[in-house]
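Values quoted throughout were computed directly from the atomic coordinates according to the rules given, and no laboratory measurement underlies them. Fair warning: this is a prediction, and the values are worked out from it, not measured in the lab. Here Cβ is always computed from backbone atoms with ideal geometry, including for glycine, and neighbour counts include all displayed protein chains.
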Amino acid sequence: MEYRRCNEWSEEDRNGRRVSFFCALRKGHPAKQHSQYFDARHQGVRLGPTVTLLDKDIARLRQELSRAEAQRRTHAANIRIKCLGWTVNSRKSGCGKFFRVSTLTYIQTHWYTPPFSCSGGDYWNQGEGQFVCPGCGAMNRLYERPEVEKMKHLFASTEDTH
């Protein structure tokens, strides 16, 4: 049986050098996957049935994970956050209503550190997160609510304050 190569002329970058080669893979392989090397089967490698099955299982599990992550992103928009006010269990409490995280604006605070000595430059530090309740207007500080801060990427927008 004759091995029929793709023989497509191709180039790729390897450590900053452009390398040109003829593709050694079989004709009809997926585009943009040219290689100057034969596939493993034609290099004298036998993976064995266990490794082959495990590779298929891994590919299937990656697809399942990808689907689950997509579903999580879809459902994450429905996560609701309660207005607790300035601090948890304080006298100055919020209205107690729940709001969809995808409708709130995350406020990222920053504070300034002035220059010091001969070599210490000035810089800005990232502080706590906050959001303003759309119902009662109360400021909700999140320094006591790390689970809400983890959801920063789910908020409708992020506003930086200095």
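Student exercise: in region 46-162, how many lysine pairs 8 or more apart or on different chains have Cα atoms under 18 Å apart?
Values: K82/K92; K82/K97; K82/K150; K82/K152.
Final tally of qualifying lysine pairs is 4.
If you wrap a convex hull around the alpha carbons of region 80-161, what volume per residue comes out, as a whole number of Å³? Could you put the intermediate results ahead of the total?
Details: hull volume 8.7 nm³, N = 82.
Residue-normalised Cα hull volume stands at 106 Å³.
List M151, M139 from most exposed to least, where exposure is judged by having the fewest other Cβ atoms within 10 Å.
By the 10 Å Cβ count, ascending, the order reads M139, M151.
Hand me the trypsin sites (Lys or Arg not before Pro) from region 59-159 located in a DSSP loop with no more than 10 other Cβ atoms within 10 Å, in residue order please.
The qualifying sites are R91, K92.
Find the cysteines in the chain that fail to meet the 4.7 Å Cβ criterion with every other cysteine, and list them.
C118
What is the helix-to-structure angle for 49-76, meaning the angle in degrees between its Cα long axis and the longest Cα principal axis of the chain, kept from 0 to 90 and rounded to the nearest 10?
For 49-76 against the chain, the angle is about 30 degrees.
With 10 angstrom as the radius, rank I81, I58 by how many other C-beta atoms surround their C-beta, starting from the fewest.
Ranked by crowding around the Cβ, least crowded first: I58, I81.
Which order results if C6, C118 are arranged by neighbouring Cβ count within 10 Å, fewest first? Show your work: numbers first, answer last.
Values: C6 17, C118 5.
Ascending Cβ contact count within 10 Å gives the list C118, C6.
Hey, of (i) -0.35, -0.50; (ii) -0.70, -0.86; (iii) -0.72, -0.77, which did the structure itself give for log10 I(q)/I(0) by the Debye sum over Cα atoms at q = 0.10, 0.12 Å⁻¹ when calculated?
(iii)
Run the simple label-point estimate for Q33 and Q71 please: 7 Å along Cα→C-beta, distance reported in nm.
2.8 nm
Considering only the other residues whose Cβ falls under 9 Å of the Cβ of C6, what net charge follows from Lys and Arg at +1 and Asp and Glu at -1?
Numbers: positive: R4, R5, R26, K27; negative: E8.
My count for the surroundings of C6 gives +3.
With point charges of +1 on the Cβ of Lys and Arg and -1 on the Cβ of Asp and Glu, referenced to the Cα centre of the chain, which listed residue (L54, G129, N140) lies farthest in the positive direction of the dipole?
Going by the charge dipole, the pick is L54.
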